[in-house]
1. Report whether or not MET162 is touching a strand residue (DSSP E or B) at 6+ places or on another chain (Cβ under 7 Å) and either part of a helix (DSSP H, G or I) or among the hydrophobic types (A, V, I, L, M, F, W, C) (or both).
2. Among the residues of segment 180-197, which ones are in a strand (DSSP E or B) and either in contact (Cβ under 8 Å) with a residue 60 or more places away in the chain or touching a Lys or Arg at 6+ places or on another chain (Cβ under 7 Å) (or both)?
3. Might you check whether a residue that is over 27 Å from ILE71 (Cβ atoms), modelled with pLDDT under 95 and of a type outside the set (Ser, Thr, Tyr) occurs anywhere in segment 191-202?
4. With the requirement that a residue be within 18 Å of the chain's Cα centre (by Cα), on the phi < 0 side of the Ramachandran plot and touching a residue at least 60 places away in the same chain (Cβ under 8 Å), what does segment 112-137 give you?
5. Residue check, LEU285 against (1) surrounded by fewer than 17 Cβ atoms within 10 Å (Cβ to Cβ); (2) among the aliphatic types (A, V, I, L, M); (3) more than 17 Å from the chain's Cα centre (by Cα), all met but one. Which one?
6. Which members of segment 57-114 meet the condition of being outside any helix (DSSP H, G or I) and β-branched (Val, Ile, Thr)?
7. Would you check if there is a residue in segment 264-275 being in a helix (DSSP H, G or I) and either surrounded by 16 or more Cβ atoms within 10 Å (Cβ to Cβ) or at pLDDT 95 or above (or both)?
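The values are calculated or read from the model by the stated rules, or taken from the named source; none is laboratory data. Worth saying up front: this structure is predicted, and the values here are computed from it rather than measured. Here Cβ is always computed from backbone atoms with ideal geometry, including for glycine, and neighbour counts include all displayed protein chains.
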Amino acid sequence: MLALPTLMTASAFTGSIHARDRGVMTLPDGKPSLKLSLNAFSFNAQLLDGSMTIDDMLEFCAEQGLMAVDITGYYFKGYPQVPSDEVIYNVKRKAFSLGLEICGTGVRNDFTHVDPEKRRENVTLVKNWIEVAQKLGGQTIRIFSGTQKPDGYSRAQILESMLQDIRECIDHGKAHGVVVAIQNHDDFIKTAADTIEIIEGIKSPWFGLMLDIGSFRTADPYDEIARTIQYAVTWQIKEKVFIKGREVDVDAGRLIRLIKDSGFRGYLPLETLGQGDPKTKVSALHKKFSQLLTQP
């Protein structure tokens with residue numbers, strides 16, 4: 001397993017975290033190491049209905065030659081309660097036996113609530129799963145901003161309380177060696193500007209972006225990706241993006257050029273959605289990006 005990356009302070013660059021400052025392994029020719037991985041949400045239905053277990057998913061990833069897995073917390077029985085150490089360590093041991101890394105986990109939080117009790121519940125949820133991430137050996141925990149639109153509250157008011165909650169989670173992440181990664185999810189965060197406002201509002205080396213390429217639903221998602229890529233600490237690489245509100249196939253070549261040019265190093269979790277056999281879809285997406293990564 002790789003050690004947790006050493007991150008520079010915010011004063012060293014414009015953004016709070018820049019991907020090229022993360023200390024991770026490089027290839028023999030000096031080029032950044034980009035590790036194709038899986039976001040477990042690709043098998044959401046199967047993992048939730050029990051037709052696939054976490055072990056099954058790990059075995060599939062190993063067979064495909066994927067390098068790591070981001071195991072969203074929902075897929076541990078009893079979520080949102082944390083699993084026992086026995087369950088956590090059995091998953092960790094299984095991944096180790098297959099040569100896989102567990103790059104992170106994630107929760108379904110909402111920091112747009114104005115009710116103090118609900119806000120406290122969500123902060124506690126994130127903190128609890130930060131500790132699970134640490135035990136799994138994960139480097140990140142994915143969080144959301146939220147979806148509530150409470151009457152009588154401005155965006156600025158919601159943002160102020162959200163930043164307060166995120167800072168508390170980041171402090172807990174730092175104490176446990178886990179980077180908190182907020183996902184742009186077409187909710188409170190819709191645009192690059194929304195993303196930058198939150199990350200720049202905190203500026204912590206223990207906070208960054210899970211860059212979801214399918215959730216910038218603007219005229220040009222590639223422009224939004226380019227504007228936020230410096231904050232990326234992990235990804236959701238999807239089959240589709242939205243251009244002027246229309247869902248189209250991702251231009252994988254263009255995306256990989258953006259990633260390589262940015263200097264990002266680390267995990268590129270793939271996530272497939274929609275109709276079709278997820279095994280077939282993941283295999284196809286993995287093949288497409290594997291071929292691109294071998295090209296100069």
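1. no
2. If we filter segment 180-197 for residues that are in a strand (DSSP E or B), which is where we start, we get 180-183.
Within segment 180-197, ALA181, GLN183 meet the criteria.
3. no
4. Passing the criteria: only LEU136.
5. In the conditions (1) surrounded by fewer than 17 Cβ atoms within 10 Å (Cβ to Cβ); (2) among the aliphatic types (A, V, I, L, M); (3) more than 17 Å from the chain's Cα centre (by Cα), LEU285 misses (1) alone.
6. Keep residues of segment 57-114 that are outside any helix (DSSP H, G or I), which gives 65-72, 76-84, 98-114.
Within segment 57-114, VAL69, ILE71, THR72, VAL82, ILE102, THR105, VAL107, THR112, VAL114 meet the criteria.
7. No, segment 264-275 contains no residue that is in a helix (DSSP H, G or I) and either surrounded by 16 or more Cβ atoms within 10 Å (Cβ to Cβ) or at pLDDT 95 or above (or both).
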